[in-house]
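First the structure, in the form of structure tokens, and then the observations on it.
The values are calculated or read from the model by the stated rules, or taken from the named source; none is laboratory data. As the structure is a computational prediction, the values presented were derived from the model and not from experiment. As a convention, Cβ positions derive from the backbone with ideal geometry for all residues, glycine included, and neighbour counts pool all protein chains shown.
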């Protein structure tokens, strides 16, 4: 017969602080987060709207002034041209100074049109005053007043159309950058609170390695996992910036986090100590970000650079495809006659921020030996290459269909060459050979680039060649400008024709 054990009385400490099981926090799965994937650069859009205003204001003012001066005054063209250009300058300057092209997400239609009205009213007053002071004998105040009125009405109409379209873009979160935060901290809370008012950022999620201490969410932004979960996240290529929100006292922890993520192509920033002392309620989130968030991976290019580069890509690609249509057709016919199979070869490659896209090329290998994953790079005398394939690879004509990728916005004319997903150098995946490999994905890949005109073309057969290409690609990203791109394009053809060493 068993004797029941006597229960020991609880101590005084145990009665005061009983041990309770820790209830795990219910978290949403990381894959449940909706990430906008079709983003538009807001800086480039603002630049395009300014150019639109310049075009329409200049056109309407010049037509009105020209009619007044030539039809009534019959003077030389100097007077109307000078008057028109002065008016355009006044209108555009006041619009820019008033912030009429910013289109903040929280801004209403009436508030926006007030900016346009005061900018146009100020421009008209300055224009008339300047004209009367400097050229009272040739300038016609009545004509200038009519032109100013027409310009003002046109701006109201234009900005109504802009406002409607931009509101639609804001509604689908296409203009605000996608942000994730590292650290469920008070700094993160303050930024999220302020962003709830301005809606200038898409703050999607928070990651914190001290997950057991973190809440399920901060003002609706979910805390979803640790840094390792972020690194394995399939939507990571669509994140524009990773913000480390740890305070200055957590320097060791901050350095550890930065070390884990520093090799990602995504832009990385951390909140500096000045943020703790800001009166953030009275400041716009964009201003707070500008003075309190320090970017440790280089600043992105300006909006006008992005817009001009895109305009050059589209313009040159369209002209090249139209003028080169007969050559493209002949190559396609030759490929079809040379070997059975499709004319085009499609392969998955890494693009901007490691996003995967399908690149187009003229097929140069036999269909049965095609290597979608670039596990075996082409070597000298490779018997997989067709007769026509040898010629179009040697002359780089096989790359011409990538003009389609440029028009689609997946590539640029100039940038680091896109490498195949899973590409190997020897028996090792190429990206594992160089620490900074992912940094070459900070910009769109290109049809040609700084590495290519410096001799780094074709397959990469050893770690040294991978390291050299990455070094040249990163150098291009740091030096990138429209003038630099034009120089690279002008040098591309001579470099290709004079290259007899690289296997392509």
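Consider residue 204 carefully, then state whether it is at pLDDT 85 or above, surrounded by fewer than 22 Cβ atoms within 10 Å (Cβ to Cβ) and outside any helix (DSSP H, G or I). It is true that residue 204 is at pLDDT 85 or above, surrounded by fewer than 22 Cβ atoms within 10 Å (Cβ to Cβ) and outside any helix (DSSP H, G or I).
Here are 367, 359, 434, 421: which of them is within 18 Å of residue 468 (Cα to Cα), in the same structural domain as residue 307 (by TED's automatic domain parsing) and either over 17 Å from the mean Cα position of the chain (by Cα) or surrounded by fewer than 21 Cβ atoms within 10 Å (Cβ to Cβ) (or both)? Answer to the selection: 434.
The lone criterion from (1) surrounded by fewer than 19 Cβ atoms within 10 Å (Cβ to Cβ); (2) part of a loop (DSSP other than H, G, I, E, B) left unmet by residue 212 is number (2). Which one is nearest to residue 221 (Cα to Cα), of the residues in region 28-62 that are over 26 Å from the mean Cα position of the chain (by Cα) and not in a helix (DSSP H, G or I)? By that ranking, first place goes to 28.
Of all residues in region 245-259, count the ones that are modelled with pLDDT of 75 or more and either buried (at least 16 other Cβ atoms within 10 Å of the Cβ) or part of a loop (DSSP other than H, G, I, E, B) (or both). Count: 3. Does at least one position in region 467-483 carry a residue that is surrounded by fewer than 20 Cβ atoms within 10 Å (Cβ to Cβ), on the phi > 0 side of the Ramachandran plot, in the same structural domain as residue 319 (by TED's automatic domain parsing) and touching a helix residue (DSSP H, G or I) at 6+ places or on another chain (Cβ under 8 Å)? Looking for residues that are surrounded by fewer than 20 Cβ atoms within 10 Å (Cβ to Cβ), on the phi > 0 side of the Ramachandran plot, in the same structural domain as residue 319 (by TED's automatic domain parsing) and touching a helix residue (DSSP H, G or I) at 6+ places or on another chain (Cβ under 8 Å), one finds none in region 467-483, hence no. Residue count for region 107-129 satisfying the condition of being more than 33 Å from the chain's Cα centre (by Cα), within 14 Å of residue 147 (Cβ to Cβ) and surrounded by 17 or more Cβ atoms within 10 Å (Cβ to Cβ): 5. Would you be able to say whether some residue in region 102-112 is within 21 Å of residue 88 (Cβ to Cβ) and assigned to a helix (DSSP H, G or I)? The answer is no, given that none of the residues of region 102-112 is within 21 Å of residue 88 (Cβ to Cβ) and assigned to a helix (DSSP H, G or I). Out of the residues in region 223-242 that are part of a helix (DSSP H, G or I) and free of Cβ contacts under 8 Å to residues at least 60 places away in the same chain, state the one that is surrounded by the most Cβ atoms within 10 Å (Cβ to Cβ). In this case the residue turns out to be 230.
Taking region 89-104 as the range and being surrounded by fewer than 18 Cβ atoms within 10 Å (Cβ to Cβ) and more than 17 Å from residue 48 (Cβ to Cβ) as the test, the residues that pass are 89, 93, 97, 104. Scanning region 62-83 for residues that are surrounded by 20 or more Cβ atoms within 10 Å (Cβ to Cβ) and at pLDDT 85 or above yields one hit, 64.
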